[in-house]
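Take a look at the structure set out below.
The values are calculated or read from the model by the stated rules, or taken from the named source; none is laboratory data. Source: prediction; values computed, not measured. No Cβ is skipped: glycine too gets one built from the backbone with ideal geometry, and neighbour counts run over all protein chains shown.
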Amino acid sequence: MMPPRVGKTASALTGSQPEDEAKPRNPRKNGLIFVDVKIHGKPIRAMIDTGATHNYLASAKVERLGLVLEKGVGRVKAINSAAQPIAGVAKSVLIKVGAYEGKTNLSVMVMDDLKLILGLDF
């Protein structure tokens, strides 16, 4: 079974300003908010999406970030696509955004345009 593919979402978001080290070069692109994030100390760019119910990571980034996946449960419905199963879940992942540092779960799937989406779970 192929992992689901997800493109850009249509949600435009706002959020608090991260500390200097986490400020993105272009925080807003086409009405979307992007931030620089560290997962297990490794940098990755994320889109903030308060319309997303969970956090999503591109499957191509799992190995580089040193994540271990558990079996995925459930399906993902992205804009303009059919619902597809989640490929896996990385649980209790250490994530840092600006001064905030904590753990969160990341649902993993193939994504065309984005590396990381931080949704309401975050």
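Every residue, every condition in (1) farther than 19 Å from Leu120 by Cα; (2) among the charged types (D, E, K, R); (3) crowded, with 20+ Cβ neighbours inside 10 Å; (4) in contact with a helix residue (DSSP H, G or I) (Cβ under 6 Å, 6 or more places away or on another chain), yes or no:
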residue: Thr50; (1), (2), (3), (4): no, no, no, no
residue: Thr53; (1), (2), (3), (4): no, no, no, no
residue: Val62; (1), (2), (3), (4): yes, no, no, no
residue: Gly72; (1), (2), (3), (4): no, no, no, no
residue: Ser92; (1), (2), (3), (4): no, no, no, no
residue: Lys103; (1), (2), (3), (4): no, yes, no, no
Query raised in the report: On the given criteria, is Gly72 farther than 21 Å from Lys38 by Cβ and at pLDDT below 95?
Result: yes
Report summary line: With the first residue restricted to the stretch 99-122 and required to be without any contact (Cβ under 8 Å) to a residue 12 or more places away in the chain, and the second required to be of a type in the set (A, V, I, L, M, F, W, C) and surrounded by 14 or more Cβ atoms within 10 Å (Cβ to Cβ), Cβ contacts under 8 Å at 6 or more apart or on different chains are Glu101/Ile95; Gly102/Ile95; Lys103/Val93; Lys103/Ile95
Query - strands (runs of 3 or more DSSP E) within the stretch 57-122 that include 2 or more residues over 14 Å from Ala46 (Cβ atoms) and of a type outside the set (Val, Ile, Thr) - result: 88-97, 100-111
Query raised in the report: Name the pairs: first residue in the stretch 38-58 and closer than 17 Å to Ser92 by Cβ, second residue among the small types (Gly, Ala, Ser) and in a loop (DSSP other than H, G, I, E, B), Cβ to Cβ under 6 Å, at least 6 apart or on different chains?
Result: His40/Gly66; His54/Gly119; Asn55/Gly119
